[in-house]
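Each reported figure results from applying straightforward, stated rules to the coordinates on display, with no laboratory input. Quantities reported herein were computed from a predicted structural model and do not represent experimental measurements. Here the Cβ positions follow ideal geometry from the backbone for every residue, glycine too, while neighbour counts run over all protein chains shown.
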Amino acid sequence: MKLVGNFPIQSLVLLAGALFPLALAGPPISANPAPPPPSVNPAQPSAIRPSAVQPPKASQPPPPPAAKPVPPKAKKHNDNKYFHEPGMGDRLSHYDERYFKGEVAYEQHRVNLQLLIRSYLTVFKSLGIETFLAHGTLLGWWWNGKIMPWDYDLDVQVSNETMAYMAANYNRTKHEYEYVDEKTGAKGHKTFLLDVNPHSLDPDRGDGQNVIDARWIDMENGMFVDITGLAERDKQRNPGLWSCKNYHRYRTKDLYPMRETEYEGVPALVPYSFEKILIEEYGPKSLVMTEWKDHAWKPELKEWVQIPEAVLNGSVSREQAGF
Ligand SMILES: *[C@@H]1O[C@H](CO)[C@@H](O)[C@H](O)[C@H]1NC(C)=O
Ligand SMILES: *[C@@H]1O[C@H](CO)[C@@H](O)[C@H](O)[C@H]1NC(C)=O
Ligand SMILES: *[C@@H]1O[C@H](CO)[C@@H](O)[C@H](O)[C@H]1NC(C)=O
């Protein structure tokens, strides 16, 4: 494997299976085993400190020739926004306008989100680009290493140095991904576009229309992974304080060293203090509550299961239905 980015080489040892199954029967918090150890040998801490994360050297090979610019099919817009969606709200705001061909049905949604995040994590790892899970994607990982069934989007982060590297080397590149359909066993193939917002390195939020710095887009249906960059935006007054343009803040020691784990069955990185980060963003209840958005956590399955309509409307009791 070629390592061209700033992925810490030492951390490539995969802790597959060490972390999952995460939650056993019983109260959710105590049910989770001790957090996985930091991914990197503590004897070599400098290798993974952000300060050691170097921008790529000039001598590094250029990106593969397969990376060809994609002609944009975008409509004309009279705004400053780079990424456009076909509409607002939960149902339409999670597609890229250029590749949107209609809403993906609920049953197809999960599968498509899985393919998005698996392809993204796999390709980024093979390119040696360091990226880590964030927001609801990180919360889903905490519960069972999977996308939460009510989630419509996927969120990952990179450092601003990595973002600059992506902008310089991989903007508008296409990436092929082969997969096997879990249900039918049939082989499938998809193409993803990595598109980097020219505002990705802006120092601040600006007019608020470009808080998403890059996207990994399924060119078949327009679904995407949102990629945002973290930077120490005010190094003078607040050293060690990282933030995205949308004001989510993190301390260096809570981010690094990243922990190695798996998400949806493929290698992934999560920030060092993932619980602290989740509690700050979603509150302590997010790690305890076992019912959310008409889904219930089933400890014995380690899955969030949709609560049947008849249970929700009270015509069947919870005991009868096993909820
Ligand atoms: C990525 O490429 C598109 C199309 O050429 C361009 O409009 C955009 O500004 C580029 N992004 C960056 C970060 O340069
Ligand atoms: C990343 O942000 C830091 C400030 O946190 C800045 O010093 C550095 O120049 C930025 N790097 C790039 C490549 O933009
Ligand atoms: C509750 O939901 C079930 C299943 O959808 C339906 O058959 C039943 O008529 C509903 N009952 C009420 C009182 O709404």
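In segment 117-131, is there at least one residue being part of a helix (DSSP H, G or I), in contact with a Leu (Cβ under 6 Å, 6 or more places away or on another chain) and under 13 Å from Pro267 (Cβ atoms)?
Yes: segment 117-131 contains one or more residues that are part of a helix (DSSP H, G or I), in contact with a Leu (Cβ under 6 Å, 6 or more places away or on another chain) and under 13 Å from Pro267 (Cβ atoms).
Of everything in segment 212-230, what is within 16 Å of ligand 1 (Cβ to nearest atom) and buried (at least 18 other Cβ atoms within 10 Å of the Cβ)? Give them in sequence order.
Ile212, Asp213, Ala214, Arg215, Trp216, Ile217, Phe224, Asp226, Ile227, Thr228, Gly229
The conditions are (1) farther than 26 Å from Asp254 by Cβ; (2) assigned to a helix (DSSP H, G or I); (3) away from ligand 2 (no atom under 16 Å from the Cβ); (4) aliphatic (A, V, I, L, M), and Leu138 fails exactly one of them. Which is it?
Leu138 satisfies all of (1) farther than 26 Å from Asp254 by Cβ; (2) assigned to a helix (DSSP H, G or I); (3) away from ligand 2 (no atom under 16 Å from the Cβ); (4) aliphatic (A, V, I, L, M) except (1).
Are there any pairs, at least 6 apart or on different chains, whose C-beta atoms fall under 8 Å, with the first in segment 146-169 and farther than 15 Å from Leu121 by Cβ and the second charged (D, E, K, R), and if so, which?
Short answer, once both residue conditions are applied: Pro149/Arg110; Trp150/Lys293; Trp150/Asp294; Tyr152/Asp90; Asp153/Asp226; Ser159/Glu130; Met163/Asp213.
Of all helices (runs of 4 or more DSSP H) completely enclosed by segment 240-323, which ones contain at least 1 residues that are away from ligand 3 (no atom under 16 Å from the Cβ) and surrounded by 12 or more Cβ atoms within 10 Å (Cβ to Cβ)?
Here the list reads 252-255, 274-282.
Is it fair to say Met166 is crowded, with 16+ Cβ neighbours inside 10 Å and within 16 Å of ligand 2 (Cβ to nearest atom)?
Spelling it out, Met166 is indeed crowded, with 16+ Cβ neighbours inside 10 Å and within 16 Å of ligand 2 (Cβ to nearest atom).
Please identify the pairs in which a residue from segment 182-206 that is in contact (Cβ under 8 Å) with a residue 12 or more places away in the chain has its Cβ atom under 8 Å from the Cβ atom of a residue that is part of a strand (DSSP E or B) and polar (S, T, N, Q), counting only partners at least 6 apart or on another chain.
Hits for this filter: Leu193/Thr173; Leu194/Thr173.
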